[in-house]
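Q: Encoded as structure tokens, here's the structure I'll be asking about.
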Amino acid sequence: MTIALSTEDFSFHSLGLLQRILVTTDGTVTETLAAVFLEPIELVKLAVTVAPSSEPFPALEVERGSSLMQRQIVLRGSRSRTPYAYAEVAIAADRLPPRLREDLLEGRIPLGQLWISHRVETFKERPRVRRRLAGALAQHLNVHPEAALIERAYRTFTGGHPVFLVTEFFPTAYPPLLP
């Protein structure tokens with residue numbers, strides 16, 4: 001099965017159905033979570049910064065001094081307040097239309113929804129998936145620092161150039177759904 005690139009010994013067979021869907025989807029994670037948990041998903045902006053890159057950023061093929069946006073967000077249930085995912089996104093801001101950059105800075109709309117509303121044509125490369133300890137990310141997902149997380153990273157291209165480097169983190173299991 002070649003559905004994702006692994007950066008370490010990683011077995012998809014060890015994941016539950018929802019986690020397998022989350023690490024392999026090329027659709028929007030927000031909509032997937034909303035459908036599974038039957039509640040709207042809201043974006044909680046933790047940080048959004050824009051600054052000239054202090055050094056080249058090879059993953060996005062940007063040179064030193066290029067405008068680099070960094071976003072840190074949590075996707076959580078709007079009713080349950082359950083944090084379902086944490087994400088860090090590096091963005092080659094100079095490659096985006098001004099209105100999309102403004103919406104990203106505002107940080108209220110998930111990335112997938114912004115691509116749709118701004119009609120941005122995208123190509124997502126296959127994700128790299130691995131397990132890692134939660135560590136400092138535990139606070140964002142309400143898990144123990146020694147809990148395992150699933151990390152999924154991929155680049156999104158627009159116009160043949162990498163524009164977004166997305167790294168998402170999910171718990172290895174979610175609490176059981178209530179009937």
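Each value in this text was obtained by applying a stated rule to the coordinates, not by laboratory testing. Everything quoted here is computed from the prediction, not taken from an experiment. Positions of Cβ are backbone-derived with ideal geometry, glycine not excepted, and every protein chain shown enters the neighbour counts.
Q: Beyond 16 Å, what percent of the Cα pairs of segment 12-95 remain? Show your work: numbers first, answer last.
A: On the way: 2166 of 3486 pairs.
Tail of the P(r) past 16 Å holds 62 percent of the pairs.
Q: With contacts defined as alpha carbon pairs under 8 Å and 6 or more residues apart, what's the relative contact order of segment 5-171 in percent? Walk me through the intermediate numbers first.
A: Numbers: 331 pairs, mean separation 38.4, N = 167.
The normalised contact order for segment 5-171 reaches 23 percent.
Q: For the chain, what does -39500 (n - 2.57) per DSSP helix run (n ≥ 4), summed and divided by total residues, give at 222 nm, in deg cm²/dmol to the nearest 500?
A: -5500 deg cm²/dmol
Q: Mind pulling up the Rg/Rh value for segment 48-126? Radius of gyration and Kirkwood radius, both on Cα. Kindly include the intermediate steps, with their values, before the conclusion.
A: Details: Rg = 13.8 Å, Rh = 13.8 Å.
Here the Rg-to-Rh quotient is 1.00.
Q: If you don't mind, there's one more thing I want to ask. Based solely on C-alpha atoms, express the radius of gyration and the Dmax of the chain in angstrom.
A: Radius of gyration, then largest Cα-Cα span, for the chain: 16.1, 52 Å.
Q: In debye, nearest 20, what is the charge dipole magnitude of the chain about its Cα centre with +1 on Lys and Arg Cβ and -1 on Asp and Glu Cβ, if you could check? Numbers along the way, then the final one.
A: Working: 20 positive and 19 negative charges, 47 e Å.
With Lys and Arg at +1 and Asp and Glu at -1, about 220 debye.
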